[in-house]
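Read through the structure below, which is laid out as structure tokens, and then see the notes.
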Amino acid sequence: MVYFGLTGLGLVIFSIALGMWGYMKFEHMSGLDALTNSCMLLGGMGPLAAPATVGGKLFASFYSLYSGFFVLLVLAILVGPLFHKVIDYFHLHDGMPESDK
């Protein structure tokens, strides 16, 4: 579980750094503003400031799509092992054919 938690945390840190880089490069935001906007998008709240440049608008579009899929990815990484433990606990895989185990 610790491994999966650390993997999820590493992905969150990478994604925030990617968002900060994009906002600083394309929108010329300060580090704190870029951090706030990237965290708000990853959290599903939306950016605080609307992009003003064409590059910033394109980056924000693709980063917001990435953020939506990212939430599902991290959820699967964190919940997958728990779901597997529940299946093992209740022996739900005992009735499955050997090829599916």
> Thinking of the chain as a set of Cα atoms, what percent of all their pairs are more than 19 Å apart?
Replying inline: 52 percent
> Given Y23, A76, A52, which one lies farthest toward the positive end of the charge dipole of the stretch 2-100, if we put +1 on the Cβ of every Lys and Arg and -1 on the Cβ of every Asp and Glu?
Replying inline: A52
>> Please compute the length gained on full extension between A17 and C39, using 0.36 nm multiplied by the number of residues separating them and subtracting their Cα-Cα distance.
In response: 7.0 nm
> If one takes the longest principal axis of the Cα atoms in the chain, at what angle in degrees, from 0 to 90 and to the nearest 10, does the Cα axis of helix 54-89 lie?
Replying inline: 20 degrees
>> To test your reading of the geometry: what angle, between 0 and 90 degrees and rounded to tens, separates the Cα axis of helix 31-42 from the longest principal axis of the chain?
In response: 40 degrees
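Only the coordinates and a few stated rules stand behind these numbers; no lab work does. What you see is a predicted model; the values in this text were computed from it and never measured. Neighbour counts are summed over all protein chains in view; Cβ atoms, including those assigned to glycine, are modelled from backbone coordinates with ideal geometry.
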